[in-house]
Amino acid sequence: VQLQACGGGLVQAGGSLRLSCAASGSTFSINAIGWYRQAPGKQRELVADISSGGSTNYADSVKGRFTISRDNSKNTVYLQMNSLKPEDTAVYYCYADIFSTGDRYWGQGTQVTVSS
């Protein structure tokens, strides 16, 4: 499975961005898919994920502001980020977990910078 993320950028506080992550390869084998982020000097943290059945999970810090969705016909996961805050500044990484093996694949990071 290969993951290609895009959609990062620079935005002012209160603004919005939408990240996309397109999967290719053995996409039928993908179970959960989602996003982590890593800010400078901090550990990577889970932002949101969505299961193959559509169940979602969010970090407390983004609940009510971020929405994760999944288009299985396009093998793509989206992260709509609204009401962005400077503390959302980080490199965002998408990932996919495989049903049969439990292996986790990572996409390249995309930088999100929120200015105050």
Check: Tally Lys and Arg at +1 and Asp and Glu at -1 over the other residues with C-beta under 14 Å from the C-beta of A22: what net charge comes out?
Finding: +2
Next item on the list: Straight distance only, please: which aspartates and glutamates reach the Cα of K63 with their own Cα at less than 16 Å, same-chain residues fewer than 8 apart left out?
Entry: E45, D49, E87, D88
Next item on the list: List, in order, the whole-Hz ³J(HN,Hα) value for each residue of segment 39-54 obtained from phi through the Karplus relation with A = 6.51, B = -1.76, C = 1.60 and θ = phi - 60°; use x for Gly and Pro.
Entry: 8, x, x, 10, 6, 5, 10, 5, 9, 6, 8, 9, 7, 4, x, x
Note to self: What are the ³J(HN,Hα) couplings of segment 20-30, residue after residue, when phi is run through the Karplus curve with 6.51, -1.76, 1.60 and θ = phi - 60°? Round to Hz, x for glycine and proline.
What the structure shows: 10, 9, 9, 9, 9, x, 7, 5, 5, 8, 6
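Which of rounded, prolate or oblate describes the chain when judged by the alpha-carbon gyration tensor and an a/c cut-off of 1.5?
Prolate, because a/c is 1.5 or more and a/b exceeds b/c.
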Note to self: For segment 44-88, what does the relative contact order come out to in percent, with C-alpha contacts under 8 Å and a separation of six or more?
What the structure shows: 27
Checklist line | Per-residue SASA entry for L17, accessible area with 1.4 Å probe, Å² rounded to 10 | finding: 30
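The values are calculated or read from the model by the stated rules, or taken from the named source; none is laboratory data. Everything numeric here is computed off the predicted structure, so don't read it as measured data. When we count neighbours, we look across all protein chains shown, and the Cβ atoms used for this are built from the backbone with ideal geometry, even at glycine. The protein model used for the area step is the full one, side chains on, heavy atoms only, and it has no ligands, DNA or RNA in it. Shrake-Rupley method; radii C 1.70, N 1.55, O 1.52, S 1.80 Å.
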